[in-house]
Amino acid sequence: MTSPIQIRMGGYGPATTGFSRALKFIGERLEKQFGDRVQVKYVWNIMDFGYKAEDILWLVEHGLLTLGYQSSSYLTDRVPELGFVDLPFLFADNAQARGAMDGALGAYLAGKIEAAVDYRILGWFENGFRQISNRVRPVHRPADLAGLRIRVLPSEVQRRTFELLGAVPMRMDLTEAIAMIKDGTIDAQENPFANTVTYGVHKFHRFHTISNHFYISRPIFLHRAAFDAWPADLQAAMRAAVSEAVAFQRGLAVEEDGEARRAIETQGCEVVTLGADEHRGFAAAVQPLLDAARTTYPREMFGMVGGKS
């Protein structure tokens, strides 16, 4: 009897998160369709086993895991074009961002990743719009960030963004950030509300600002050699399952955002929603970065954004 094809899927969050539930969605689809031909295994949170969140990249690249996800910012050092989707205020809303990532922009970036890393990119989960939290004071304008040490993802674009906003940006992995937030070594962080609550940051940061400064996607990547060796029907089924899981995860992300905001408010935190003038102040502060991007990234990428950005 032929041994089943083992598919090992991993992430870096509890089993209850939308990302983990989306992995389960994929696995169940494949098990239903292929039965004993496949064997699906899950590692919900690699950080529970002493890994850093960023380690998901090499765990999949070298085949220890078959499938994983990670915020695209973690790959910007190897795939510079991904810095484009780290630009602040690039997308106006979820619909515009999803359209771009499901369309020409997402396909373009997937090709760039596959040219640099031994992955197959099958889709983009939504990490979504990111907000600012800190332990020091309410943030209404860039001046309120002055001197605050803020954790940012390992992206030069994100580092420069918060430098222009007056903060002291510190590039680091999630595991390091969580420890430093807990001991007060850093003052602030930026994340979607759901991440802020999942990792317990709202228990240490009283002040939260809805700034929507970045929209981040998480590519769904597979170990290329493993995927390419599968029978054609399994490859097609995985592509279809991932496509369905993306829609499923994005729906969960909207629900999680509302639930997380309520958890933040229940914790006794203050939530600031930027007014139109305040938002324009943030956008004006990062304009030098956006101007420089016009000479950094290919012109056609801007046409792939869609909408009015």
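Kindly identify the range 155-309 as rounded, prolate or oblate by the Cα gyration tensor criterion: order the square roots of the eigenvalues as a ≥ b ≥ c, call it rounded if a/c is under 1.5, otherwise compare a/b with b/c, prolate if a/b is larger, else oblate. Cα axes put the range 155-309 in the oblate bin.
Figure note: Trp58, Trp44, Trp124 ranked by solvent-accessible area, largest first, 1.4 Å probe, ligands and nucleic acids not counted: Trp58, Trp44, Trp124. When each of the peptides 290-297, 111-118, 207-214 is scored by how many other beta carbons lie within 10 Å of its residues on average, the order from highest to lowest is 207-214, 111-118, 290-297. First check a/c for the range 184-230, with a ≥ b ≥ c the square roots of the eigenvalues of its C-alpha gyration tensor; if it is under 1.5, answer rounded, and if not, answer prolate when a/b is larger than b/c or oblate otherwise. Prolate, since a/c reaches 1.5 and a/b exceeds b/c. For Ala104 and Lys32, the difference between the fully extended length at 0.36 nm per residue and the C-alpha to C-alpha distance is 22.7 nm. A simple charge model with +1 on the Cβ of Lys and Arg, -1 on the Cβ of Asp and Glu and nothing else charged puts the dipole of the chain at about 140 debye relative to its Cα centre. Under a 5 Å amide H cut-off, with hydrogens placed 1.01 Å from N, Val40 pairs with Ile7 among residues at least 5 apart or on other chains.
Dividing the convex hull volume of the alpha carbon atoms of the range 53-194 by its residue count, what do you get in Å³ per residue?
In the range 53-194, the Cα hull volume divided by residue count equals 112 Å³.
Can you give the accessible area per residue of the chain, in Å², using a 1.4 Å probe? Numbers along the way, then the final one.
Details: 12920 Å² over 309 residues.
Per residue, the chain has an accessible area of 42 Å².
The spacing between the range 152-185 and the range 27-99, judged by their C-alpha centroids, is 21 Å. In percent, rounded to a whole number, the relative contact order of the range 114-232 is 46, using alpha-carbon pairs under 8 Å and six or more apart. Measuring with a 1.4 angstrom probe and ignoring ligands and nucleic acids, Met304 comes out at about 40 Å² accessible.
At q = 0.14, 0.23 Å⁻¹, work out log10 I(q)/I(0) for the range 140-235 with the Debye formula, treating every Cα as an identical point scatterer and leaving solvent out; two decimals please. Debye curve over Cα of the range 140-235, log10 I(q)/I(0) at q = 0.14, 0.23 Å⁻¹: -0.59, -1.29.
In a reduced charge model with +1 at each Lys and Arg Cβ and -1 at each Asp and Glu Cβ, the range 51-198 shows a dipole moment near 420 debye about its Cα centre. Taking the accessible area of the chain, probe 1.4 Å, and keeping the other protein chains in place, the carbon and sulfur fraction comes to 51%.
Within straight-line reach of Lys41, meaning a Cα separation under 26 Å, sit the following lysines at least 8 residues removed in sequence or on another chain: Lys24, Lys32, Lys52. Annotation: amide H-H contacts under 5 Å for Val152 (H modelled 1.01 Å from N, sequence separation of 5 or more, or interchain): Met170, Arg171, Met172.
The values are calculated or read from the model by the stated rules, or taken from the named source; none is laboratory data. These numbers were taken from a predicted model, which means no experiment stands behind them. Cβ atoms come from the backbone with ideal geometry, glycine included; neighbour counts cover every protein chain shown. Heavy atoms of the whole protein, side chains included, go into the accessibility calculation; ligands, DNA and RNA do not. Shrake-Rupley method; radii C 1.70, N 1.55, O 1.52, S 1.80 Å.
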